[in-house]
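Encoded as structure tokens, the structure appears first; notes follow it.
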Amino acid sequence: MKTTVIGFPRIGADRELKKITESYLRQESTAEELTQEGRRLRKFHWQLMRDAGIDLIPSNDFSFYDTTLDTAVLLNIIPQRYAELNLSALDTYFALARGYQGSAGDVTALPMKKWFNTNYHYLVPEFEAATQVKVAGTKIFDEYLEAKTTGIETKPVILGPFTLIKLAAFTNTTYQEHLTALITAYQEIIHRLDLQGAQWLQLDEPYLVKDLSEEDRSLFLNIYQKLTNSPRNIKLLLQTYFGDVRDVYEDLLALNLDGIGLDFVEGKQSLELVTASDFPEDKLLFAGVINGKNIWRNNYQKSIVLLDKLPSKHVVLSTSCSLLHVPFSVEQEEFPVEIAKHFSFAKEKLTELKEVAENVEQETAGWEPNQRLFREKRIVEKTILAEQLAGLTEKDFQRQPEFKKRSGLQKRTLNLPVLPTTTIGSFPQTREVKLNRARFKKQEINDVEYTAFLKEKIADCVAFQEEIELDVLVHGEYERNDMVEYFGENLEGFLFSKKAWVQSYGTRCVKPPIIWSDVSRKQSITVKWSAYAQSLTNKPVKGMLTGPVTILNWSFPREDISIKDSTLQIALAIQEEVLDLEANGIQIIQIDEAALREKLPLRKSDWYKEYLDWAIPAFRLVHSKVAPQTQIHTHMCYSEFADILPAIDQMDADVISFEASRSNLTLLDDLIAQNFQTAVGPGVYDIHSPRIPAVKELEATIKILLEKIPVEKLWINPDCGLKTRGETETFESLTNLTRAAKEIREVLVHAVSEN
Ligand code: GLN
Ligand code: ZN
């Protein structure tokens, strides 16, 4: 059985690509140094795959920023405002990716969006009426030749035209106007690679795993009939991932394709689709069996059982998606062997591919150690926790009394003015804050010194908030590096890697924690900071926690228990913290669910039964036991939840804050239309920019909000946490925010007295 990989991580074992790119962008390295490092990394990765015995090795999966952007640039999909800067090709590319401000002009970057159900972000290609789609670049051809020169035959990879159209933006134009040119360009790419002697071309079409309309389906067929009909030597592989292709499977079989790539990890119906009919003799099935998204060892037995059900003569063994979503290698970690042996990052997955493929024919040396891993008991489950979970009843997920009753009670006890002002939690993480945390970690300062430092920061923060007369204060989150890592470190069951970086976008990488075992609370986590802040003021200080769904979604989850059960374990741990805060005099508690939407299934029909039906109750479990007077807030970093509004309301929080300043405010109409009960704090200014909003501007924004939201339901706050901002701009912005709220309150009082 032959093996392949859909794509390989490109940042390098030690994030070399990030480092050289950032150095180039700071103008500390030359374009030549950057391209040379790119070449070195590609060669290294190709050799790694060749040495591991992979048969079809991908090329053009490398990128200086993002492969969707690479495809757009290759096809000349470059909006005029970038072309007009007249920069070098490389700098135009970075201008599209990051924006440009300098002697040549001033343009913002293309928008960035999350790549399907991952934490990777792609740049949204933009077609204009004037866009002339044509093959303008050479990257895919160059990289194929580059590999060939080192003696490695590769399978070039490119984003397919259907997914490209579905993900792109169209400014004053439609896709129809560009369709012919786009198809011609792809035909030319196929033809040129054919002439170069390439044996395969992989066309990535992940959009096919989404719910497709009839229009989508005919667009897809129209494109692919044209692409596949001319005579050729090169073989075409249509690659999908992140789900199954139930809406077009039969169509794929009928097309003149040479390979069809399906995901057997996330594609719930993939097996059923393939076994329900005869797989065509003239095609190969690229079976995505090795998980490209998670970091656990593959269970060879399970893989072989699966492969036995497939038309094995026609199977090429593959990864479920690009290995872009896992870190480079376990070899770089310092986990004890007993732990490390359970992990498989990108490099280890190459060996797994090889070993599984070999074991289809006969048992080899890799088999026994692998099976031992799954026979052994990896962890000791916490029986108390299991009992606690088994004992949960309806009551545990339902806060009492109902929203309306407790809302009146909270108004009386908290005694806040109308349009209460607050922040989302974090205050600027200055150099000094980061430095002290680093020194504490390295044990250069001791616990007493570090605590004293944090208390001083908290006291300053509280004093400032009192001075500008915010209504609900926060302690500032100075003790946290990251909203998930901080809780992970304080919970039993999480592991932290040294170098397990995964690309999030461009040069930004994240290091997700690993959920290793049952999760429980080791000790109280945030109480001492919140209680200290509360001791300094008569105003309410809001406790600040990360919710269970976000903690799970930003970690590598276990595979031996369901993510639902893992999330419930985390929920119970956070529930303890909630009750602890409450017992220590904290009357308002915010539980952030910044990543709630991230794992929303790609198909609408799965939204509730596969996800929301347990994710929302997990959130409710966290706060179901608090007293009626305790006010629960939640926060989301985006405003795209019009389609799941009922689910958001069912979280049963008292207040929700979200991003609103950069998005159109149609969400507010939906809130009214759907009779949303939770009080809302739509962010009144954008914290992603250093710009300071003027009082008048904020007043105008609040007035707009008041046209849509009943005054008794509206909170005034920024978009998100302030940790990435500077102190001066933050202080000025918040000062203006409280001033604006006060002005509007005055107006409201007058309006009432005049009536
Ligand atoms: N409370 C967190 C903060 O203020 C929320 C962060 C987030 O939503 N991403 O930083
Ligand atoms: Zn946020």
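The values are calculated or read from the model by the stated rules, or taken from the named source; none is laboratory data. What you see is a predicted model; the values in this text were computed from it and never measured. When we count neighbours, we look across all protein chains shown, and the Cβ atoms used for this are built from the backbone with ideal geometry, even at glycine.
Quick test for you: out of Thr546, Thr507, Thr550, Thr526, pick the one residue that is surrounded by 16 or more Cβ atoms within 10 Å (Cβ to Cβ) and modelled with pLDDT under 95.
Thr507
List pairs: first residue in the range 202-231 and within 16 Å of Ala254 (Cα to Cα) and touching a residue at least 40 places away in the same chain (Cβ under 8 Å), second residue β-branched (Val, Ile, Thr) and not in a helix (DSSP H, G or I) anywhere in the structure, Cβ distance under 9 angstrom, at least six positions apart or on different chains.
Leu208/Thr240; Leu208/Val245; Leu208/Val248; Phe220/Val248
If Glu381 satisfies every condition in (1) at pLDDT below 95; (2) within 30 Å of Ile468 (Cβ to Cβ) but one, which is the exception?
Glu381 satisfies all of (1) at pLDDT below 95; (2) within 30 Å of Ile468 (Cβ to Cβ) except (2).
Of all residues in the range 572-595 being part of a loop (DSSP other than H, G, I, E, B) and at pLDDT 95 or above, which is surrounded by the most Cβ atoms within 10 Å (Cβ to Cβ)?
Per the criteria, the residue is Glu593.
Kindly provide the set of residues from the range 582-598 that are out of contact with any Ser or Thr (no Cβ under 6 Å at 6 or more places or on another chain) and within 16 Å of ligand 1 (Cβ to nearest atom), ordered by number.
Of everything in the range 582-598, those that are out of contact with any Ser or Thr (no Cβ under 6 Å at 6 or more places or on another chain) and within 16 Å of ligand 1 (Cβ to nearest atom) turn out to be Ile588, Ile589, Gln590, Leu596, Arg597, Glu598.
Being at pLDDT 95 or above, under 21 Å from the mean Cα position of the chain (by Cα), surrounded by fewer than 17 Cβ atoms within 10 Å (Cβ to Cβ) and outside any loop (DSSP other than H, G, I, E, B) is the requirement here; does Asp643 meet it?
It is false that Asp643 is at pLDDT 95 or above, under 21 Å from the mean Cα position of the chain (by Cα), surrounded by fewer than 17 Cβ atoms within 10 Å (Cβ to Cβ) and outside any loop (DSSP other than H, G, I, E, B).
Inside the range 30-96, counting only helices (runs of 4 or more DSSP H) that do not spill past its ends, which hold 1 or more residues that are surrounded by 23 or more Cβ atoms within 10 Å (Cβ to Cβ) and of a type in the set (Val, Ile, Thr)?
67-74
Please state which one of Glu727, Glu699 is at pLDDT 95 or above and either over 20 Å from Val418 (Cβ atoms) or within 16 Å of ligand 2 (Cβ to nearest atom) (or both).
Glu727
Any residue in the range 625-639 that is farther than 23 Å from Gln569 by Cα, touching a residue at least 40 places away in the same chain (Cβ under 8 Å) and aromatic (Phe, Trp, Tyr)?
Checked the range 625-639: at least one residue is farther than 23 Å from Gln569 by Cα, touching a residue at least 40 places away in the same chain (Cβ under 8 Å) and aromatic (Phe, Trp, Tyr).
Name the pairs whose Cβ atoms lie under 6 Å apart, with the first residue in the range 508-523 and in contact (Cβ under 8 Å) with a residue 24 or more places away in the chain and under 22 Å from Asp580 (Cβ atoms), the second of a type in the set (Asp, Glu) and assigned to a loop (DSSP other than H, G, I, E, B), and 6 or more positions between them or separate chains?
Asp518/Glu381
Can you find a residue in the range 484-503 that is within 16 Å of ligand 2 (Cβ to nearest atom), buried (at least 22 other Cβ atoms within 10 Å of the Cβ) and either of a type in the set (Asp, Glu) or free of Cβ contacts under 8 Å to residues at least 12 places away in the same chain (or both)?
no
For the range 420-529, list the helices (runs of 4 or more DSSP H) that sit wholly inside it and hold at least 2 residues that are aliphatic (A, V, I, L, M); which are they?
431-441, 447-467
Which condition number in (1) part of a helix (DSSP H, G or I); (2) among the polar types (S, T, N, Q); (3) away from ligand 1 (no atom under 15 Å from the Cβ) is the one that Thr550 fails?
(3)
Taking the range 286-296, which residues are touching a His at 6+ places or on another chain (Cβ under 8 Å) and surrounded by fewer than 21 Cβ atoms within 10 Å (Cβ to Cβ)?
Hit for the range 286-296 is Trp296, nothing else.
Picking from Val626, Val622, which residue would you name as being surrounded by 17 or more Cβ atoms within 10 Å (Cβ to Cβ), assigned to a loop (DSSP other than H, G, I, E, B), of a type in the set (A, V, I, L, M, F, W, C) and more than 16 Å from ligand 2 (Cβ to nearest atom)?
Val626
Is one or more of the residues making up the range 662-673 out of contact with any helix residue (DSSP H, G or I) (no Cβ under 8 Å at 6 or more places or on another chain), within 22 Å of Lys404 (Cα to Cα) and within 15 Å of ligand 1 (Cβ to nearest atom)?
Looking for residues that are out of contact with any helix residue (DSSP H, G or I) (no Cβ under 8 Å at 6 or more places or on another chain), within 22 Å of Lys404 (Cα to Cα) and within 15 Å of ligand 1 (Cβ to nearest atom), one finds none in the range 662-673, hence no.
State whether the residues of the range 607-614 include one that is within 24 Å of Pro682 (Cα to Cα), within 16 Å of ligand 2 (Cβ to nearest atom) and surrounded by 17 or more Cβ atoms within 10 Å (Cβ to Cβ).
no
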